[in-house]
Amino acid sequence: MYAILGATGKTGGALVDLLVQSPNTHLNVYARSKAKLLTQRPDLENTQNVKVFEGSLSDIPLLASTLVPEVDAAFCVLGSNENIPGIRIAQDTANSVIAALCYIREKDTNYKPPKLIFLSSGSLNPIMSAKLPASGKWIIDRGMSHVYADLGFAEDNLRLHDSWLDVTFVQPSALTEDVQKGHKLSLDKMAEDSPFVSYLDLAAGMIEIAKSGSYAGKGVSVVATGKDTKFEPNAPPQILRGLVWHFAPWLYAPCKYLSIVS
Ligand SMILES: NC(=O)c1ccc[n+]([C@@H]2O[C@H](COP(=O)([O-])OP(=O)(O)OC[C@H]3O[C@@H](n4cnc5c(N)ncnc54)[C@H](OP(=O)(O)O)[C@@H]3O)[C@@H](O)[C@H]2O)c1
């Protein structure tokens, strides 16, 4: 059995797409809005092997119900691609998941926590990011600075629990919406021919990690091996906005208030 935390997102949706195909795979799926999830995936309402859990990320008993002892691996794929100043989705996810697992362990001393497959970014991995051209790295590090700070705190927190938690940090390069074209896992390269990897290839790589016993505590990238992975047109404007929020974080709140950003 698997748990997916963040099923309404693009990575979460790709994981649902791949895992729901197998009638023998049971899924516990967490979303903050069940209505949004069922609008995206009306089929889930009547899918026998999928159970949906709706609520706040800070609802620890709810997360504990999602992470029951039968869950072998939990995909933590909540996040944001917008460089929002002060963002803390990744930290909140890490804190809540750790709290939920402690809560279950208090009640059941034999509880074995699931493997955690935590979506992060290749930019946080010094070996992988060292292979980027210096100018590109300079821009991306600043255009995603708040997101990376959030992911960094979350990774550090989860690593503090490595004596009892099996966590793999999935650290891909740029993500794009495309069909599944093939992937491989890498411990030292974010990307090869294309800087992009599709969400479906990413999800397939995350499932491979969940089924493997070899990646506890490691940072792993999912690299596209197929030809002509699509360019993601949203990426440049996201980085440009991110640069503005990096150099002038105080501008974000007024722009949000005036609905200049969504
Ligand atoms: N885009 C890239 O090129 C790239 C590359 C490498 C790594 N990454 C990392 O990938 C992550 C983004 O993944 P994605 O593209 O799959 O994201 P996404 O499509 O934006 O989905 C984000 C998910 O997180 C949920 N979420 C956000 N805030 C929440 C909160 N406070 N409480 C509960 N749920 C919350 C969203 O729920 P709702 O639907 O309810 O909002 C949604 O399910 C980021 O951490 C980013 O750094 C991205």
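Here, each number is a calculation from the coordinates, and none is a lab measurement. Because the structure is a prediction, the values reported are computed rather than measured. Positions of Cβ are backbone-derived with ideal geometry, glycine not excepted, and every protein chain shown enters the neighbour counts.
Some notes on this structure:
- Filter result (touching a helix residue (DSSP H, G or I) at 6+ places or on another chain (Cβ under 9 Å) and hydroxyl-bearing (S, T, Y)) within the range 12-32: T25, Y30
- Residue tally, condition farther than 25 Å from I127 by Cα and among the acidic types (D, E), over the range 221-249: 1
- The residue of the range 158-180 that is nearest to the ligand (Cβ to nearest atom), among those that are surrounded by 18 or more Cβ atoms within 10 Å (Cβ to Cβ) and part of a loop (DSSP other than H, G, I, E, B), is P172.
- Scanning the range 82-96 for residues that are farther than 14 Å from H246 by Cα and surrounded by fewer than 21 Cβ atoms within 10 Å (Cβ to Cβ) gives R88, I89, Q91, D92, N95.
- Apart from one condition, Y148 fits all of (1) more than 12 Å from the ligand (Cβ to nearest atom); (2) assigned to a helix (DSSP H, G or I); (3) surrounded by 16 or more Cβ atoms within 10 Å (Cβ to Cβ); the exception is (1).
- Residue pairs whose Cβ atoms lie under 9 Å apart, separated by 6 or more positions or on different chains, with the first residue in the range 96-109 and touching a residue at least 60 places away in the same chain (Cβ under 8 Å) and the second assigned to a helix (DSSP H, G or I) and surrounded by 13 or more Cβ atoms within 10 Å (Cβ to Cβ), are V97/L63; V97/L158; I98/N157; I98/L158; L101/L63; L101/A64.
Residues checked against (1) under 20 Å from V147 (Cβ atoms); (2) more than 9 Å from the ligand (Cβ to nearest atom):
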{"position": "T8", "(1), (2)": "yes, no"}
{"position": "G13", "(1), (2)": "yes, no"}
{"position": "L18", "(1), (2)": "no, yes"}
{"position": "H26", "(1), (2)": "no, yes"}
{"position": "L38", "(1), (2)": "no, yes"}
{"position": "V71", "(1), (2)": "no, yes"}
{"position": "I84", "(1), (2)": "yes, yes"}
